[in-house]
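Visitor: The following block contains the structure, expressed as structure tokens.
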Amino acid sequence: MKKNYWFLLMLSAVMLVLAACGGDSANEEESEEGSGDSAGGDDWIENITLLTGGEAGVYFPLGVAMADIIDTSFDNVSATGVSSGASVSNAEQLNNGEAQLALVQNDIAFYGAEGNNMFSEPLDNYSGVFTIYPETIQLVTLADSGIESVSDLEGKRVAIGDMGSGTEANATQIIEAHGMTVDDVDAQYLDFSDASTNLQDGNVDAAFVTAGTPTGAIQELSASADVKIVSFDEDAMNDLMEEYTYYTQVDIPEDAYDNFDSTASTVAVQAMLIASNDIPEDQMYEMTKAIFENLDSMANAHVRGEELTLDTAEDGMSIDLHPGVQRYYDEQ
Ligand code: GLU
């Protein structure tokens, strides 16, 4: 009897140890799947699409980096950064539920929320996450084109950005601030990469590019052609800033590009991330936290990624914050 008692006691002890070992290995498997510090709630959106812009811009590398951070931070969320027609179409697609996150200009996010300018009705299904860096409106032309000011664009073939981009909106407003309309130029709807190829081949005379500097497309073009950036007229810039309050005056420094003196007097807006209001509060809180805890990946993707900081995240914020983002900032 006594012998049996000890045998049973030993057996239970062995089973307990085995159960504990089994538990450990299950945990190991789970944490190997991703750095996944959070499993997320049942209501979390599993597939996150982050809209960027054309591949030769700055949104694309930064958006892909942000999607990668989200993708690797959560076991049950898969995130992808995709190329797109940029700001205006991004805002519309996000509002329609075709994507969950998007990079846009702060002026375009505001017009969308208000339902004015290029938007016929208010888009009420997105909110703000953070602003990142200034996007400079760069009017690029070949050094010997003879184009010295915006008024010289009259009758010329001008790339004004992809259809539905923020660049298109900025080009239209800037041409109008200089006393013309888009109908006074031969407008071509081209993304940055096609604009740069066509400039080099002599098929367009100038191109508007609204993006952080250095913009990949301009950097590449300047490696094989002599280019310059045209300054805007001071009075026109003042009128523009009075009418559209998200523009600020900036001077592009000489060394913004490797291959040419890029000095020019122009205007800029801010790049920002917006989020669909369909993203649950808790999920948006955790995704924002993950991005701020991996800022080195943003800086590695493009030099402008270095400008994402907690201190400046609300500078130039043109719309209400997502509640999950607001909670994250309140806690910092
Ligand atoms: N801001 C640009 C636009 O919305 C896109 C900039 C980029 O792709 O980096 O047209």
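Where a number appears in this text, it was derived from the coordinates with a stated rule and is not lab data. All of these numbers come straight from a predicted model, not from anything done at the bench. Cβ atoms come from the backbone with ideal geometry, glycine included; neighbour counts cover every protein chain shown.
Visitor: Taking the dipole about the Cα centre of the stretch 78-170, with the C-beta of Lys and Arg at +1 and of Asp and Glu at -1, give me whichever of Gly81, Met163, Asn96 is farthest to the positive side.
Guide: Farthest along the dipole direction, towards plus: Gly81.
Visitor: Using a cut-off of 10 Å between beta-carbons, work out the net charge of the residues near Leu142 (Lys and Arg +1, Asp and Glu -1, Leu142 not included).
Guide: It works out to a net charge of -2.
Visitor: Projecting each Cα onto the charge dipole of the chain (Lys/Arg +1, Asp/Glu -1 at the beta carbon, about the Cα centre), which of Ala211, Asn125, Leu142 comes out farthest on the positive side?
Guide: Positive-most Cα among the choices belongs to Asn125.
Visitor: What is the magnitude of the charge dipole of the stretch 274-332 about its Cα centre, with +1 placed on the Cβ of each Lys and Arg, -1 on the Cβ of each Asp and Glu, and no other charges, expressed in debye to the nearest 20?
Guide: Charge dipole of the stretch 274-332: 160 debye, to the nearest 20.
Visitor: Oh, and also: Would you work out which of Gln200, Val227, Ala264 lies farthest towards the positive end of the dipole of the stretch 191-270, given +1 charges on the beta-carbon of Lys and Arg and -1 on that of Asp and Glu, about the Cα centre?
Guide: So the residue furthest toward the plus end is Gln200.
Visitor: Still on this structure: Could you please state, rounded to a whole Å, how far the C-alpha centre of the stretch 55-110 is from the C-alpha centre of the stretch 206-253?
Guide: Between the Cα centres of the stretch 55-110 and the stretch 206-253 lies a distance of 24 Å.
Visitor: Here's something else I'd like to know. Between Asp282 and Glu242, what's the calculated FRET efficiency when r is the beta-carbon distance and R0 is 51 Å? Round to 0.05.
Guide: The computed FRET efficiency comes out at 0.75.
Visitor: Using only helices, what value at 222 nm comes out for the chain when you add -39,500 (n - 2.57) per DSSP H run of length 4 or more and divide by the total residues, to the nearest 500 deg cm²/dmol?
Guide: Calculated from helices alone, the mean residue ellipticity at 222 nm is -12500 deg cm²/dmol.
Visitor: Over the stretch 182-283, what portion of Cα pair distances is larger than 24 Å, expressed as a whole percent?
Guide: Of all Cα-Cα pairs in the stretch 182-283, 37 percent lie more than 24 Å apart.
Visitor: Report the equivalent ellipsoid semi-axes for the stretch 79-208 in whole Å, largest first, defined as the square roots of five times the eigenvalues of the gyration tensor built from alpha carbon atoms.
Guide: 29, 16, 12
Visitor: Once you treat every alpha carbon in the chain as an equal point and sum by Debye, what is log10 I(q)/I(0) at q = 0.07 Å⁻¹?
Guide: The computed values of log10 I(q)/I(0) come out as -0.34.
Visitor: Find the percent of Cα-Cα distances in the stretch 228-332 that exceed 19 Å, and round it to a whole number.
Guide: When every Cα pair of the stretch 228-332 is considered, 59 percent fall beyond 19 Å.
Visitor: Using the Cβ atoms and a cut-off under 13 Å, what net charge is assigned to the surroundings of Ser127, where Lys and Arg are +1 and Asp and Glu are -1?
Guide: -4
Visitor: How large is the charge dipole for the stretch 53-191, taken about the Cα centre, if only the Cβ atoms of Lys, Arg (+1) and Asp, Glu (-1) carry charge, to the nearest 20 debye?
Guide: Using only the charged Cβ atoms, the result is roughly 180 debye.
Visitor: Which order do the peptides 118-130, 276-288 take when ranked by the mean count of other beta-carbon atoms within 10 Å per residue, highest first?
Guide: 276-288, 118-130
Visitor: Another question, then. Provide the net charge surrounding Gly161, with neighbours chosen by a C-beta distance below 9 Å and charges set as Lys +1, Arg +1, Asp -1, Glu -1.
Guide: Computed value for this residue: -3.
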